[in-house]
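Accompanying notes for the structure given below.
The values are calculated or read from the model by the stated rules, or taken from the named source; none is laboratory data. Just so it is clear, the model here is predicted, and its values are computed rather than measured. Note: ideal-geometry Cβ built from the backbone for every residue, glycine included; neighbour counts use all protein chains shown.
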Amino acid sequence: MPVGHGDEEVLAWWSPDPRAILPLDGLVVSRSLRRSRRRFEVRLDTAFADVLHACADPARTGRWITAEVAEAYVELHRLGWAHSVEAWTPEGELVGGLYGVHIGGLFAGESMFHHRTDASKVALVGLVDHLRAIGATLLDVQWATPHLRTLGVVEVHRTTYLKLLEHAVDQDVDWQTVTEAGSMER
């Protein structure tokens, strides 16, 4: 997150303690969210730049994605480290999504957006489904907002998080590999 430092802005790195994670077996999907899932198609990595652009919308409160940050994430995506999960209408309109970084069994969520009710939540459910299917173990969401808590997000202390992180990044988990447990359009 860019912060002022004298006459210049510097990129700050945050490591909150406690750290918020979504246990992959702890996702809470309400009845209304199950219904919403039927209204959207979930896709992976088909519109990374569009998702990033929507998350960087200058009208959003707390916007932190500068042009330089966006450029870095586009490069990470090109290199295969950053990924998007998107919610599309049947008419082909991108209406929600999220993006983050995948390393081993870790997915570090960076930002999400929605233009239709529940679209970002549907993308999150799609992400969890995909992470389970590929054998990932850790979904880092950084901060536990009231909204994310309703979906099953919990906080863990830094020492616990660092152990989970070490285990996750040591795993050999390929974003593209899907087990028989599930598949999604890529």
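Brief remarks follow.
- Against the criterion of being buried (at least 23 other Cβ atoms within 10 Å of the Cβ), hydrophobic (A, V, I, L, M, F, W, C) and closer than 14 Å to Phe48 by Cα, Leu139 does not qualify.
- So His147, is it free of Cβ contacts under 8 Å to residues at least 40 places away in the same chain and over 13 Å from the mean Cα position of the chain (by Cα): yes
- Within the range 142-154, the only residue that satisfies the criterion of being buried (at least 16 other Cβ atoms within 10 Å of the Cβ), farther than 13 Å from Val28 by Cβ and not polar (S, T, N, Q) is Ala144.
- Answer residue from the range 1-46, given it is of a type in the set (Gly, Ala, Ser) and assigned to a loop (DSSP other than H, G, I, E, B) and is modelled with the lowest pLDDT among those: Gly6
- Residue that is surrounded by the most Cβ atoms within 10 Å (Cβ to Cβ), among those in the range 110-131 that are touching a residue at least 40 places away in the same chain (Cβ under 8 Å) and assigned to a strand (DSSP E or B): Met112
- Residue check for Gly97: at pLDDT 95 or above, over 17 Å from Val42 (Cβ atoms) and either of a type in the set (D, E, K, R) or buried (at least 20 other Cβ atoms within 10 Å of the Cβ) (or both): no
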